[in-house]
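Read through the structure below, which is laid out as structure tokens, and then see the notes.
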Ligand code: ADP
Ligand code: MG
């Protein structure tokens with residue numbers, strides 16, 4: 001008997017085990033058992049040969065139709081061509097041989113076989129050169145494979161040249177014959193409640209299903225494992241963090257937070273008030289808050305963060321606000337300072353009696369300004385410290401860090417959140433993360449399973465709408481002229497506009513890096529050493545529809561200046577500018593000294609200039625759906641309706657064009673983020689936040705298995721409440737350490 005932890009070599013032999021390791025990083029019995037078939041070939045039902053793509057490594061089930069041979073041109077030997085068919089199309093198997101032609105014997109006419117190789121073309125016909133093959137029908141009786149493929153469904157595994165699908169199947173069978181599967185991670189009650197088969201049966205059923213029913217039962221059960229194990233780990237983690245002590249920072253009736261509320265020039269939306277109250281309560285608790293505040297672009301998350309920070313200041317602590325870009329950090333610093341007025345002028349002329357200080361700390365500060373900022377943070381003089389990645393540097397210290405706010409959380413990795421957290425004395429500050437890229441509930445449950453979630457679903461009253469149109473620049477050049485005309489009209493009316501390009505241009509030349517660090521929205525870290533590099537960028541999307549390099553800010557700006565936008569005051573903004581230039585240009589734009597800002601996606605997140613009403617996005621097909629939604633959120637922030645024009649040369653019927661129309665059709669960020677997620681691979685979704693986690697999800701899809709995930713979370717929470725250390729559930733405890741691996745177990749612990 002072997003257990004899942006044992007190395008594969010003992011069972012299948014060291015040579016085969018080595019190949020598994022090289023091809024798929026399969027080292028143990030358990031790894032092999034989790035190498036699930038990609039699909040199943042129905043016995044007797046041949047592969048649709050028309051579906052094969054050139055360059056792909058395939059395993060096909062086909063029937064031998066003809067074998068011919070001819071001498072090889074000038075050299076000794078022959079070329080054997082075996083034609084196999086699916087009954088409609090055909091595929092050529094080409095073999096070169098200097099010895100006799102044994103293929104006629106090996107591949108008798110009419111035989112069914114599995115053929116495995118890379119699809120190439122020769123004289124316009126698709127072929128596999130020297131494919132591996134195994135016959136599987138009666139004609140091949142005598143080979144052990146006849147028995148192997150007696151079942152109705154033949155598993156087809158992700159395979160390589162050295163390790164064809166049937167060799168994998170064979171190893172799996174060998175393993176299954178001697179396997180001791182161990183304790184079932186799913187408690188019997190759960191299996192009964194959801195009518196799930198046992199683990200041993202499921203493993204056998206997914207690799208060697210007797211029929212569709214059998215396979216489905218196996219998949220249902222194994223999906224449960226994936227959801228349940230992750231949810232149990234998260235439930236343990238929530239429980240542990242709820243038990244940790246943290247400094248309570250309760251609200252104070254006549255503190256800065258209350259004074260701030262009185263200064264607000266607007267009334268809070270119901271959603272803001274509710275989220276604000278929840279956070280205020282969390283902060284008053286003796287264990288750390290971990291809350292995600294998600295809300296539509298423009299829903300007013302910043303005010304909530306400021307109120308929370310002030311509550312902590314009132315309670316004697318400090319708060320840090322981490323922003324993903326220099327531009328956004330500077331804007332937050334300006335707007336928070338402005339919102340606070342005298343409340344934020346501690347120690348300065350005109351400061352209120354009860355007041356604090358707001359300090360900016362970015363990689364862009366000069367030496368003396370930086371020294372002052374560091375001192376403010378370390379001495380506690382600054383109640384609120386706002387900054388970029390520069391905040392994460394080692395020499396940044398706080399007197400008493402009570403709250404960490406991470407804005408546009410999707411731009412950061414978990415590690416960065418943790419670095420900042422560790423700057424608190426006891427390592428346990430309250431944490432509020434904010435994002436305008438809403439995520440479906442189940443994704444939140446899995447990716448951010450340790451966070452409580454508040455959602456702002458409404459926008460402040462009186463927000464004008466934003467109209468979005470797709471502008472087909474290739475087929476209707478006149479439309480693009482009209483776009484520039486619209487900008488001129490808006491400027492004449494005293495409004496402002498953005499023009500966004502995917503690339504900076506200048507030195508970068510065609511095909512080089514886009515602006516910033518290339519993370520786009522959703523990417524994890526990638527910041528430069530000074531922490532200022534994360535200044536947005538176009539996603540490395542498909543090549544420009546027009547087959548030319550994507551449009552660049554430094555090319556388009558002068559062209560507009562001399563052409564259609566001659567009469568307006570243009571400004572240029574991108575990640576390669578010096579930070580103080582960025583700040584100056586943003587300030588001029590905010591003050592109305594610049595009419596039109598030609599920019600990269602440095603303006604993607606958070607930038608708030610209510611007087612800007614129009615946005616033109618060039619080569620719009622280069623951007624992701626959520627990214628476009630974020631960009632569009634820069635307009636329609638004041639009292640005048642917004643207009644967003646998505647300019648593209650993508651063909652009318654193309655997928656890219658479809659995506660743009662989808663963005664134009666709705667302003668609902670939740671809908672769009674779903675669409676965005678559907679178009680990415682699941683691994684990317686999870687990988688963006690937690691590298692490695694995707695390896696644990698093979699069958700489960702977060703978007704389609706919502707009900708199951710919700711059920712699993714409920715069951716997991718109940719179980720952890722009654723058996724926090726899983727002493728009565730050894731199978732589950734083992735599955736957690738297996739499925740999450742040592743790194744991720746550590747990751748779970750750290751948080
Ligand atoms: P986001 O949620 O996208 O970060 P912001 O916090 O930047 O949005 O808020 C967008 C704008 O709405 C800001 O100018 C802010 O002052 C304003 N705002 C916030 N809350 C309200 C409200 N309740 N009523 C009116 N305007 C508001
Ligand atoms: Mg914001």
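Numbers below:
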quantity: Any chance residue 592 is away from ligand 2 (no atom under 16 Å from the Cβ) and over 20 Å from the mean Cα position of the chain (by Cα); calculated: yes
quantity: Filter result (under 21 Å from residue 318 (Cα atoms) and either in contact with a strand residue (DSSP E or B) (Cβ under 6 Å, 6 or more places away or on another chain) or within 16 Å of ligand 2 (Cβ to nearest atom) (or both)) within the range 248-274; calculated: 249
quantity: Checklist (1) more than 30 Å from the chain's Cα centre (by Cα); (2) in a helix (DSSP H, G or I); (3) loosely packed, with under 15 Cβ neighbours inside 10 Å applied to residue 22, failing item; calculated: (1)
quantity: Per-region count, the range 241-263, residues surrounded by fewer than 20 Cβ atoms within 10 Å (Cβ to Cβ), touching a residue at least 40 places away in the same chain (Cβ under 8 Å) and within 16 Å of ligand 1 (Cβ to nearest atom); calculated: 2
quantity: Single match in 293, 283, 268, 310 (criterion: in contact with a helix residue (DSSP H, G or I) (Cβ under 9 Å, 6 or more places away or on another chain) and closer than 25 Å to residue 631 by Cβ); calculated: 293
quantity: Residue match in the range 394-415 (condition: modelled with pLDDT under 80, under 22 Å from residue 315 (Cβ atoms) and not in a loop (DSSP other than H, G, I, E, B)); calculated: no
quantity: Any hit, the range 56-70, residues being touching a residue at least 60 places away in the same chain (Cβ under 8 Å) and either under 30 Å from residue 736 (Cα atoms) or exposed (fewer than 13 other Cβ atoms within 10 Å of the Cβ) (or both); calculated: yes
quantity: Enumeration of residues in the range 607-627 that are within 16 Å of ligand 2 (Cβ to nearest atom), farther than 22 Å from residue 472 by Cβ and surrounded by 24 or more Cβ atoms within 10 Å (Cβ to Cβ); calculated: 607, 612, 626
quantity: Number of the exception - residue 78 against (1) surrounded by 12 or more Cβ atoms within 10 Å (Cβ to Cβ); (2) more than 23 Å from residue 121 (Cα to Cα); calculated: (2)
quantity: One residue from 715, 678, 725, 707 being modelled with pLDDT of 90 or more and part of a helix (DSSP H, G or I); calculated: 715
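Each row is one residue, and each column tells you yes or no for (1) surrounded by fewer than 21 Cβ atoms within 10 Å (Cβ to Cβ); (2) more than 16 Å from ligand 1 (Cβ to nearest atom).
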{"site": "275", "(1), (2)": "no, no"}
{"site": "288", "(1), (2)": "no, yes"}
{"site": "296", "(1), (2)": "no, no"}
{"site": "299", "(1), (2)": "no, no"}
{"site": "316", "(1), (2)": "yes, yes"}
{"site": "328", "(1), (2)": "no, no"}
{"site": "337", "(1), (2)": "yes, no"}
{"site": "350", "(1), (2)": "yes, yes"}
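The values are calculated or read from the model by the stated rules, or taken from the named source; none is laboratory data. Quick caveat: nothing in here was measured; it's all calculated off a predicted structure. Cβ coordinates were reconstructed from backbone atoms using ideal geometry, including for glycine residues, and neighbour counts include every protein chain displayed.
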